[in-house]
1. Could you order peptides 423-431, 237-245 by the average number of other Cβ atoms within 10 Å of their residues, highest first?
2. Can you order the peptides 166-172, 183-189, 256-262 by their average number of other Cβ atoms within 10 Å per residue, highest first?
3. Label points 7 Å out from Cα along the Cβ direction at residue 454 and residue 36: separation in nm?
4. Just subtract the alpha-carbon distance of residue 95 and residue 352 from 0.36 nm times their residue separation and send over the number in nm, one decimal.
5. Roughly how many Å is it from the Cα centre of the range 343-381 to that of the range 142-184, as a whole number?
6. At a Förster distance of 41 Å, what's the computed FRET efficiency of residue 339 paired with residue 78, Cβ-Cβ distance as r, to 0.05?
7. Compute the length gained on full extension between residue 407 and residue 297: take 0.36 nm times their separation in residues and subtract their Cα-Cα distance, giving the result in nm to one decimal.
8. With each run of n ≥ 4 DSSP H residues scored as -39500 (n - 2.57), what mean residue ellipticity at 222 nm is computed for the chain after dividing by its residue count and rounding to the nearest 500 deg cm²/dmol?
């Protein structure tokens with residue numbers, strides 16, 4: 001969890017221990033002066049020393065690399081840096097701090113807002129398959145028509161209360177709460193998903209006392225977890241039942257986890273479900289049944305029939321030809337490679353099936369009368385030997401491109417996004433090698449593999465050193 005901007009943590013340490021001799025080196029290397037954050041860099045530092053400094057102060061190694069390349073002004077990850085020569089050996093690396101900051105009286109918290117209000121976008125949902133809220137009082141959190149309402153009861157003596165979480169990049173000043181007769185409240189626009197958050201009450205971080213869902217924050221405390229719902233399971237009637245649960249592929253078919261609530265007309269369970277296709281069943285006093293109100297059900301290939309629900313957009317898988325085939329199935333990592341679940345529909349030109357997917361990267365194959373084949377119309381492949389699969393980037397937000405080596409036989413892309421696999425094959429298209437992919441916001445390192453030889457991206461000036469001394473290209477995906 002990000003409580004503060006990473007550089008502010010360094011400066012906070014300096015404030016807490018400014019009289020300690022052990023901090024002399026820290027104050028020399030990092031300081032605030034005239035509204036700037038300044039690092040003092042020795043150009044004689046060895047590579048090991050640069051790596052040590054980068055880790056010690058959480059300073060991006062790419063920033064340091066630019067300094068040692070002799071650049072004087074550059075921008076990385078939306079931060080603009082300047083380099084000023086002090087002596088032939090010493091330079092100062094600086095960035096302007098144009099945000100407001102303040103320090104609490106006991107130096108416990110350095111308030112620092114890293115996002116201007118006009119740029120604030122309430123995103124930052126954490127990945128989750130599903131989620132159900134567990135609040136001690138219903139009014140502590142409500143989600144209505146895309147608006148999330150956070151309510152903190154009591155705390156009448158508090159002067160200022162802020163809401164901070166993954167939805168505002170853990171900003172400490174961006175989301176002030178408003179005082180009411182019974183507590184503090186704020187409403188913000190959020191997309192369906194899972195979010196981590198805390199309250200900041202007069203400079204002190206507090207988890208939500210009325211929220212049972214929480215996770216360790218890595219600092220001997222907890223972050224509260226809330227879910228913004230996008231779906232509701234409903235089962236009409238069954239008023240005789242004592243307990244009704246729902247279980248499915250989203251929770252590994254756990255029969256005792258998701259209890260439904262009794263209503264006048266039956267049973268309901270509102271919840272968050274990630275985008276994609278989910279199999280499920282209801283469990284009535286121990287008896288499993290499919291959803292009687294859902295016409296979409298399929299056999300799972302193991303003698304069972306499950307109901308299915310799709311959240312989000314559908315993708316139409318097509319296989320042309322094979323008109324003489326008796327049965328064709330679709331299988332992939334999106335359905336745990338179940339070989340008998342997704343029967344494709346025969347069409348005049350071949351076979352097809354529509355399947356809801358969330359934005360992401362998927363591997364799949366077709367099974368034609370028991371024989372596995374890759375998608376003949378999809379040029380993107382991954383894997384090797386007998387385990388080559390077709391690759392699909394649904395809602396791809398980046399395309400790796402290589403304009404050279406057009407006579408190569410095999411070009412692959414490898415990086416931190418695919419655990420440095422050597423088997424993600426690029427396709428030749430419009431006179432260049434390409435590979436579309438979906439990547440979540442953040443930093444990635446990568447290389448191309450040309451007929452077995454690893455190379456940096458010749459069209460990307462951003463790179464950083466690796467443990468082998470050969471460097472990796474760097475890619476930033478912005479939110």
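1. Numbers: 423-431: 15.7, 237-245: 13.9.
Going from most to least packed, we get 423-431, 237-245.
2. Details: 166-172: 23.0, 183-189: 16.6, 256-262: 14.4.
The most tightly packed comes first, giving 166-172, 183-189, 256-262.
3. 3.8
4. Numbers: separation 257, 0.36 × 257 = 92.52 nm, distance 5.47 nm.
Extra length from residue 95 to residue 352 when fully extended: 87.0 nm.
5. Going from one Cα centre to the other spans 47 Å.
6. Values: r = 46 Å, r/R0 = 1.12.
Efficiency at R0 = 41 Å is approximately 0.35.
7. Details: separation 110, 0.36 × 110 = 39.60 nm, distance 4.87 nm.
So the extension gain works out to 34.7 nm.
8. Numbers: 4 runs with 35 residues, N = 479.
Helix contribution divided over all residues of the chain: -2000 deg cm²/dmol.
Here, each number is a calculation from the coordinates, and none is a lab measurement. As the structure is a prediction and not an experimental result, all values here were calculated from the model. As a convention, Cβ positions derive from the backbone with ideal geometry for all residues, glycine included, and neighbour counts pool all protein chains shown.
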